[in-house]
Amino acid sequence: MTDKTFYIETFGCQMNAHDSEKVIGTLVHSGYTQVESAESAELVVYNTCSIRDKAEQKVFHRLDQFKRAAGKGKVFAVIGCVAQQEGERIFEKAPHVSLVAGSASYTKLPEMLVQLEAGARRVTGLSLDTEETFDTPFTRRDNPHRAYITIIEGCDKSCAYCVVPFTRGPERSRTSESVMREATELAQAGYTDVQLLGQNVNSYRDPSPAGWDFATLLDRVGRIPGIRRVRFTTSHPRDFVKEIIDAIDDNPALCNHVHLPVQSGSSRVLSRMQRLYTRDEYMRRIEWMKNARRNIAITTDIIVGFPGETEQDFQATLDLLEQVEYDSLFSFKYSPRPNTAALAMEDKVSEEEKTRRIMIVNEKQRAIQIRRNSELIGTIEEVMVEGRNEALGQWIGRTSQNRTLNFTRLDSDGESLTGKYVPVRVTRAGPNSLVGEGVMSVV
Ligand code: SAM
Ligand code: SF4
């Protein structure tokens, strides 16, 4: 490689987005310059997702585009979940790829880069046998106000549909000291909004003698001077304890929003999914949130068409949506994944039926969101300003409950409000966002 330029494209979840920030930092520290297109890069990196088949296909589609002349002279790296899942098979499917590495091997990236630069044709990092986390001082963050912090990597659960335990390895928690150091440095650098990340943040266990659990870590991060908002994702219902709600009640810096994926409203399906909780146990956690002093927004993930899901099971999910009245949800059609227990299950649900069910879920949820959002008309919400929509003449904001609230402000006099916290009166509500008017001076 001569001029050491790289291009990176990221697929999938926030964990991947944040991993890419760390990979970019590591590459820049190793002398590479980031460029905006694959065409102009020497090194092309795809950070991949394999949670569903569609996501997995995207990387092969991208690689196909560079199979012939267009890819000449370039080095291709496939990292992340598809890399871990497919391993050396990627070299067979796409012979122009030179580096294949899963997230559990990212600490070895600098070594792998040296091997590539020395002309190695194929380099792999595929071991899952690790106790290390990818803890790097070189994270490159582009958003100057909001930052992700990984607190735990990997997953020790074995949900029957999920590929993550095979692609991200065993659970490894960072020490509370290293998380607190990173959060404090971020606050000192002007970040006010941090998001604690992990596949299952509630099973966080401080490996150092301090021995903090997740609720303690959450509370302490929220007490760092300068930090005004702390979010966390994702929580697993089995490990979700009441202390987390108590911490949110007691500490205004903790956002009043919990994402608690339920997957199904039927205990029979939950058991087949190996989710380790029943509908009743899940509902107990919802009750804690509904009984909290703060108005906590609740969001979730739903899978429709898991093998053996009957019409009655599906109705139980619809009934749960009505009962909880989620503020928002992500819905997915079940997608069979390699190595998972559900692959061998009978009674597959047809694609057509999955489509019918997901449309019903989305329609029902849309009506719930219209109802929930209209209840906020007339209230004053504090938003963190994320940017401006010039075409509409509106500022784009986000509430502590994670709702998008776009607003106008007559007195902002051309000054930029981005990154500021502003009180806004809600005047209109749609299914996916709110509209309002700024009411007082900037906080
Ligand atoms: N660790 C988190 C949890 O336990 O909920 C999230 C894991 S995953 C990145 C995010 C969501 O993808 C899951 O909550 C689930 O709804 C969905 N998902 C995972 N595997 C899936 C599959 N095989 N088919 C369809 N959706 C799936
Ligand atoms: Fe996948 Fe279940 Fe682990 Fe979440 S808890 S990452 S759904 S195996």
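Observations on the structure shown:
- When every residue of the stretch 423-434 is checked against the conditions, none turns out to be modelled with pLDDT under 95 and either in contact with a Gly (Cβ under 6 Å, 6 or more places away or on another chain) or among the polar types (S, T, N, Q) (or both).
- Total residues in the stretch 261-313, condition open to solvent by 50 Å² or more (accessible area, probe 1.4 Å) and of a type in the set (K, R): 6
Listed here are the residues, each with its yes/no results for (1) open to solvent by 60 Å² or more (accessible area, probe 1.4 Å); (2) over 30 Å from E437 (Cα atoms); (3) within 16 Å of ligand 2 (Cβ to nearest atom).
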position	(1), (2), (3)
Y334	no, yes, yes
E346	yes, yes, no
I358	no, yes, no
E375	yes, no, no
Q394	no, no, no
S400	no, no, no
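- Scanning the stretch 155-185 for residues that are more than 16 Å from ligand 1 (Cβ to nearest atom), assigned to a helix (DSSP H, G or I) and open to solvent by 10 Å² or more (accessible area, probe 1.4 Å) turns up E177, S178, M180, R181, E182, T184, E185.
- Residue selected from the stretch 41-90 under the condition free of Cβ contacts under 8 Å to residues at least 24 places away in the same chain and of a type in the set (A, V, I, L, M), by the criterion most open to solvent (accessible area, probe 1.4 Å): A69
- Checking T418 against (1) assigned to a helix (DSSP H, G or I); (2) more than 26 Å from Y326 (Cβ to Cβ), the condition it does not meet: (1)
- Applying the condition of being part of a loop (DSSP other than H, G, I, E, B) and small (G, A, S) to the stretch 227-260 and asking which residue is farthest from ligand 1 (Cβ to nearest atom) yields A253.
- Test: D193 is over 26 Å from C162 (Cβ atoms), out of contact with any helix residue (DSSP H, G or I) (no Cβ under 8 Å at 6 or more places or on another chain), open to solvent by less than 60 Å² (accessible area, probe 1.4 Å) and among the acidic types (D, E): yes
- Residue match in the stretch 202-210 (condition: in contact with a strand residue (DSSP E or B) (Cβ under 9 Å, 6 or more places away or on another chain), within 23 Å of S400 (Cβ to Cβ) and surrounded by 20 or more Cβ atoms within 10 Å (Cβ to Cβ)): yes
- Subset tally (residues that are open to solvent by 30 Å² or more (accessible area, probe 1.4 Å) and not basic (K, R)) for the stretch 220-233: 2
- Evaluation of F134 against (1) within 16 Å of ligand 2 (Cβ to nearest atom); (2) within 18 Å of the chain's Cα centre (by Cα); (3) at pLDDT below 95 (one fails), failing number: (1)
The values are calculated or read from the model by the stated rules, or taken from the named source; none is laboratory data. Note that this is a predicted model, so its numbers are computed, not measured. Heads up, the Cβs are rebuilt from the backbone with ideal geometry, glycines too, and the neighbour counts pull from every protein chain shown. Just the protein is used for accessible areas: all its heavy atoms, side chains included, with ligands, DNA and RNA removed. Shrake-Rupley method; radii C 1.70, N 1.55, O 1.52, S 1.80 Å.
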